[in-house]
1. Among LYS10/LYS124; LYS108/LYS179; LYS162/LYS200; LYS57/LYS182; LYS134/LYS182; LYS29/LYS131, which pairs are too far apart, with a Cα-Cα distance over 19 Å?
2. Considering the chain as a Gaussian network with a 10 Å cut-off on Cα pairs, which listed residue, GLY71, GLY80, GLY223, attains the greatest mean-square fluctuation?
3. Under the 0.36 nm per residue contour assumption, what length would be gained going from the current alpha-carbon distance of HIS31 and GLN135 to full extension?
4. To the nearest 20 Debye, how big is the dipole of segment 118-244 about its Cα centre, given +1 on the beta carbon of each Lys and Arg and -1 on that of each Asp and Glu?
5. From the phi of every residue in segment 27-42, what ³J(HN,Hα) in whole Hz does the Karplus formula 6.51 cos²θ - 1.76 cosθ + 1.60 yield, where θ is phi - 60° and glycine or proline is x?
6. Using a simple spin-label model with points 7 Å from Cα along the Cα→Cβ vector, what separation in nm is obtained for LYS200 and TYR212?
7. Let me spell out the model: positive unit charges on the Cβ of Lys and Arg, negative unit charges on the Cβ of Asp and Glu, origin at the Cα centre of segment 1-103. What dipole size does that give, in debye rounded to 20?
8. Label MET53 and ASN181 with points 7 Å out from Cα along Cα→Cβ: what is the distance between them in nm?
Amino acid sequence: DLAAALEASKPKEPVTVVLSRQGWIRGMKGHGLDVGSVKFKDGDELYLIEEMMSTDKLILMSSDGRAFTIGADGLPGGRGHGEPIRLSIQLEDSVDIVAMFRFEPERKRVMASSTGYGFVVEEKELESNRKAGKQAVNTGNGELVCCPEVEGDMIAVVGTNKKMLIFPLSDLPEMARGKGNKLQSYSGKAQLRDLITFDKRDGLIVMTGGRYRAFPEWKGWKGQRAQAGKVVPKGFPRGGTFSG
């Protein structure tokens, strides 16, 4: 088929996709970029960065739960500051990009909303050729907080109230789209702050102060999905997330 033949004839080159805080995107040649040497407009800075090949597709997730697909070969080059992401996809003014990753159809991710709901999804369900993207997550009155890839059999979730809960990944449904099940219960104005998966054989390891820190006592936070959890352990990242 002609489309497949054309696809196969495209050169396959390493590309680093750079998205700035103010929403400018570009594809820079090569991998292993010196991030400090990447120039931005005055007042702007690096937000998200992803290494891929020029033949790959890029998925962007927005805070209103939409998934957008862009071909790496269609990105503006690395000279200059790139172009506004809103030229490529339809984003409401009040909506932000919360994640950006290379498309791997079989890989799974956990979609987690600020309201404390979430589910597991295969990336192939996120692909779309529409400029308006695809509504993947029903965020209710909240917004999509994060969508980490599945890297183990346990889920750790933390709220803005600094309470953490750990439970088996198998307690979450796998869906193509939707709202999902309750991950953690909150009272007052507390919301979901962050989520990661980990393998119980390795234990809970987080990034804090630029270093990895293990929490061998993690089983003390293990409970049932939708419980409130307990105050995070001593030494947990001050920023309140699993990455600092």
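FYI, it's all coordinate maths here, none of it is from the lab. These numbers were taken from a predicted model, which means no experiment stands behind them. All Cβ positions, even for glycine, are placed from backbone atoms using ideal geometry, and neighbour counts span all protein chains on display.
1. Working: LYS10/LYS124 22 Å; LYS108/LYS179 16 Å; LYS162/LYS200 22 Å; LYS57/LYS182 31 Å; LYS134/LYS182 23 Å; LYS29/LYS131 25 Å.
Pairs exceeding 19 Å: LYS10/LYS124; LYS162/LYS200; LYS57/LYS182; LYS134/LYS182; LYS29/LYS131.
2. GLY80
3. 34.3 nm
4. Details: 21 positive and 14 negative charges, 129 e Å.
Rounded to the nearest 20 debye, it is 620 debye.
5. Result, rounded to whole Hz: x, 9, 5, x, 10, x, 5, 7, 4, x, 8, 6, 8, 10, 4, 4.
6. 2.1 nm
7. Numbers: 12 positive and 16 negative charges, 50 e Å.
Dipole of segment 1-103, to the nearest 20 debye: 240 debye.
8. Here the modelled spin labels are 3.7 nm apart.
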